[in-house]
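Encoded as C-alpha cells, the structure appears first; notes follow it.
The values are calculated or read from the model by the stated rules, or taken from the named source; none is laboratory data. All values reported here derive from a predicted model rather than from experimental measurement. All Cβ positions, even for glycine, are placed from backbone atoms using ideal geometry, and neighbour counts span all protein chains on display. These accessible areas exclude ligands, DNA and RNA; they are computed on the full protein's heavy atoms, side chains included. Shrake-Rupley method; radii C 1.70, N 1.55, O 1.52, S 1.80 Å.
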Amino acid sequence: MADRVLVIGGTGPTGVNIVAGLVERGWDVTIMHRGLHERSETPPGVPHLHADPFDASAVTDVAAGPPFDLVMAMYGRLRRIAEAFEGRCGRFLSVGGVPAHRGWMNPWAYDPPGLPVPIPEDGPTVEDPVDDEKGFRVAQSEDAVFRHHPDATHFRYPYMYGPYQPVPREWSIVRRVLDGRGRMVVADGGLTLHHHGYTANVAHAVLLAVDRPGAAAGRIYNVGDDEVLTIAQVITIAAAALGAEIELVSMPYDLAVPARPLMTQPLPTHRVLDLTRLRSELGYRDLVPARQAVGLTARWLADNPLAPDAPEARVLGDPFDYGAEDALMDAWAGALATVPEVDFHPAPTYGSAYSGPGGRPRTHAHFEQ
C-alpha cells in the first residue's frame with residue numbers, strides 16, 4: 001500500500017510540479033485547496049479536498065481524519081496547520097519565505113545597509129516587528145513549525161518565476177516588448193543581484209527532501225536557482241527570447257523611478273541566498289539553468305498575456321507609463337550631454353592586477369609554454 005501524502009495547496013506555481021512528482025514516485029496523493037485554481041497539469045485521479053487552508057477549523061477537521069504519512073504545507077496559515085497536525089502525521093514539510101531573514105525586506109537592519117552576501121540559513125532572522133512586520137510573522141511561523149514538529153523540513157521560498165506566477169517579474173519586460181518599446185530604465189547599470197527560483201527548480205528541491213527524509217529532518221533550506229542573474233541580464237535574456245532587443249538606459253538609483261518594479265526594494269543592494277546546505281545535503285542542482293528558464297518564462301507570458309487590471313499585473317507596481325519614461329530618459333540624455341570631458345593626469349586605471357579588456361597589456365607578445 002502506497003504511503004499517503006496530503007499536499008496543502010498543490011495548484012500553485014510549484015505545487016503542480018510537486019504533485020506530479022509525488023505521483024510519479026508512487027505516493028498516494030491528496031490535495032487540499034479552495035478549488036479556485038484547478039490545473040490541467042494535476043494528474044487524473046488525485047483526490048481534491050476543497051477547504052480553505054486559512055480556516056483553522058477546516059484544517060482541524062482534515063487533521064482529525066485518517067492520518068497521513070507526510071503532510072506538505074505549502075499554502076494557508078502555517079502556524080495553525082502545524083499545530084493541527086502535531087502527532088497526526090508521519091512527517092511534516094512546510095514552505096515559508098525568505099523575508100524571515102533579517103534585512104531581506106528592510107536593508108537598513110544592517111549598518112551599513114544591505115544583506116550579507118550570500119546569506120546562510122543560520123543567519124539572523126527578524127526578531128522585532130518594528131524592523132519588519134511581515135518578516136517577523138514569517139520567522140514566527142518557522143518557529144511554530146519546529147515547536148510542533150521538531151523533525152520537520154522547512155523551505156524558504158524566494159521570489160519565483162515561471163507559469164502561474166502570482167508576481168510575474170518578467171511581465172514588466174514582456175509587455176514592453178509586445179508594445180514595441182525599444183528602451184528601458186535600469187538603476188546603476190541593472191547590476192543588482194536578486195535571487196529568484198524557477199518554479200520547476202524549486203519544486204525539484206522540495207521533492208529531493210521528500211526523497212531524503214533522514215538528511216532533511218529538522219532542517220531549514222534556502223532554495224533558489226544555482227545562478228543569480230542581474231536585472232540587466234534578466235531583461236536582455238527575456239527580450240531576446242521574444243526576438244527583440246532593449247536598450248538599457250542606466251541612471252542613478254535615486255533617479256531611476258521606472259526601475260523600481262524590477263528592483264522590488266528601496267535600495268540597489270544585493271539579495272543572494274547561500275545554497276550550500278541544499279546542494280551538499282540534498283544534492284540539488286538546477287533542472288533548468290536560469291538563463292534558459294528566463295527565456296521560457298518570457299515566452300509563456302507572451303503566449304498568456306496579462307490583462308492590465310489582472311491581479312498579477314497590479315501586484316507588480318508597474319504603471320507602464322511610457323510617456324513619463326520617455327520624458328525621463330530624454331532629460332537624462334540631455335543632462336549627460338552637458339557633462340564636460342575631464343582629463344586626469346595620470347589617468348585612473350583598473351589596477352596592475354587586472355588583465356582583462358582595457359587592462360594591463362601583455363608582457364610578451366606570445367605565450368611561451
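Observations
- Cut-off under 5 Å, modelled amide H: who pairs with Tyr284 long-range: Arg279
- Total formal charge among the other residues, if their Cβ is under 9 angstrom from that of Asn222, Lys/Arg +1 and Asp/Glu -1: 0
- Applying 1/(1 + (r/R0)^6) with R0 = 56 Å to the Cβ-Cβ distance of Ala307 and Arg362 gives a FRET efficiency near 0.45.
- One decimal place: the segment Glu86-Asp226 gains 47.0 nm when fully extended, by the rule 0.36 nm per residue minus the C-alpha distance.
- Spatial separation of Cα centroids for the stretch 29-86 and the stretch 244-291, in angstrom: 32 Å
- The stretch 1-86: trypsin sites (Lys or Arg not before Pro) in DSSP coil with no more than 10 other Cβ atoms inside 10 Å: none
- Label-to-label distance, nm, for residues given as Ala335 and Arg183 (7 Å Cα→Cβ offset): 1.4 nm
- Loop-located trypsin sites (Lys or Arg not before Pro) in the stretch 213-297, at most 16 other Cβ atoms within 10 Å (DSSP): Arg285
- For Pro319, net neighbour charge (Lys/Arg +1, Asp/Glu -1) across residues whose Cβ lies under 11 Å away: -1
- Using alpha carbons only: equivalent-ellipsoid semi-axes of the stretch 27-148, gyration tensor based, whole Å: 32, 16, 13
- Radius 9 Å from Cβ of Ala290, net charge of other residues (Lys, Arg +1; Asp, Glu -1): -3
- Calculated from backbone phi, Karplus (6.51, -1.76, 1.60) coupling profile of the stretch 148-157 in Hz, x at Gly/Pro: 8, 9, x, 9, 5, 10, 10, 10, 9, 6
- GluC sites (Glu not before Pro) restricted to the stretch 1-104 and DSSP loop, no more than 14 other C-beta within 10 Å: Glu38, Glu41, Glu86
- Across Pro99, Pro43, Pro129, mean-square fluctuation computed from a Gaussian network of the chain (C-alpha pairs under 10 Å connected) peaks at Pro129.
- At R0 = 22 Å, FRET efficiency that the Cβ-Cβ distance of Val117 and Gln292 yields, to 0.05: 0.35
- From its DSSP helices (H runs of at least four residues, each -39,500 (n - 2.57)), the chain gives a residue-normalised ellipticity at 222 nm of -9500 deg cm²/dmol.
- The phi torsions of the stretch 179-184, fed into the Karplus equation with coefficients 6.51, -1.76 and 1.60 and a -60° offset, translate into couplings of 8, x, 6, x, 8, 8 Hz, rounded to whole numbers, with Gly and Pro shown as x.
- Sequence-distant residues sharing a close amide H with Ser94 (under 5 Å, placed H): Ala73, Thr153, His154, Phe155
- The stretch 83-165 - percent of accessible surface contributed by carbon and sulfur, probe 1.4 Å: 48 percent
- Shape category assigned to the stretch 239-369 from the gyration tensor of Cα positions, a/c cut at 1.5: oblate
- The stretch 232-278, accessible surface, carbon-and-sulfur percent (1.4 angstrom probe): 56 percent
- Karplus-derived 3J(HN,Hα), 6.51/-1.76/1.60, for each residue of the stretch 71-77, Hz, glycine and proline x: 10, 10, 8, 10, 7, x, 7
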